[in-house]
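Notes to accompany the following structure.
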Amino acid sequence: MTSRRSPIRKRLGEERLPVNTELAAAGYLRGFWRDDDMETRRYWHGIAVTHGESIIEKLREAAPGTRPGFEYAIGKYPPIPLIGDPPPSHNMTAGEYIDIDGVRFFYCGRDCFRVWQQCQAEHLRHLGELDGAEWKRYLAWKRTGYEARYVLDGAPHKAIRLHHMCY
């Protein structure tokens, strides 16, 4: 019997997400750059299946009152609504969005002079997603100035502040 090396394959979900992808998946779909695949629900569904539990677990502790962007991308929640008109197209912040299978998700929500998109925690509260205890934890976190507490798998040395659409 010949002995040959057999490659050890990683189980589904054991590989780390690239830092930029985890930023977008955990925050509200905003990263440093965008791959074309990010504009499909299929892509975000794959993130949900392979890394969703880990991201949700870390996000609960780090950013109460928020939900990961991948849950918005796959349609679990509707996009955060506008509370005012977005800036005119010549304003830089008007271009800060991602279209996922025809649904537009703005991820700026604020220009120099005004907020034009609802706070994510308020949106989730209106949807009935936040209970009283989580709302209180959110308010306590807000009083800290949204302290950076999320630790990326690919950069475990420092907690970061995620993009979560509250100001």
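Within the range 14-57, which residues are among the β-branched types (Val, Ile, Thr) and without any contact (Cβ under 8 Å) to a residue 60 or more places away in the chain? It would help to see each step written out before you state the result.
Step one: list which residues in the range 14-57 are among the β-branched types (Val, Ile, Thr), which gives 19, 21, 40, 47, 49-50, 55-56.
THR21, ILE47, VAL49, THR50, ILE55, ILE56 - these are the residues of the range 14-57 that are among the β-branched types (Val, Ile, Thr) and without any contact (Cβ under 8 Å) to a residue 60 or more places away in the chain.
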Looking at (1) modelled with pLDDT of 85 or more; (2) surrounded by 13 or more Cβ atoms within 10 Å (Cβ to Cβ); (3) part of a strand (DSSP E or B), which is the one condition that is false for GLU122? (3)
Of all residues in the range 80-117 being surrounded by 20 or more Cβ atoms within 10 Å (Cβ to Cβ) and in a loop (DSSP other than H, G, I, E, B), which is modelled with the lowest pLDDT? GLY109
Does HIS157 satisfy the condition of being assigned to a strand (DSSP E or B) and either more than 23 Å from TYR72 (Cβ to Cβ) or under 16 Å from the mean Cα position of the chain (by Cα) (or both)? yes
Out of (1) more than 19 Å from TYR72 (Cα to Cα); (2) surrounded by 13 or more Cβ atoms within 10 Å (Cβ to Cβ); (3) not β-branched (Val, Ile, Thr), the one GLY145 does not meet is (2)
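Going through the range 148-167 one residue at a time, which ones are of a type outside the set (A, V, I, L, M) and exposed (fewer than 14 other Cβ atoms within 10 Å of the Cβ)? Before the answer, list the steps.
Going residue by residue through the range 148-167, those that are of a type outside the set (A, V, I, L, M) are 149-150, 153-154, 156-158, 161, 163-164, 166-167.
Matches in the range 148-167: GLY154, PRO156, HIS157, LYS158, TYR167.
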Can you tell me which condition GLY69 does not meet? The list is (1) farther than 16 Å from PRO79 by Cα; (2) touching a residue at least 40 places away in the same chain (Cβ under 8 Å), and all the others hold. (1)
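The values are calculated or read from the model by the stated rules, or taken from the named source; none is laboratory data. Note that this is a predicted model, so its numbers are computed, not measured. When we count neighbours, we look across all protein chains shown, and the Cβ atoms used for this are built from the backbone with ideal geometry, even at glycine.
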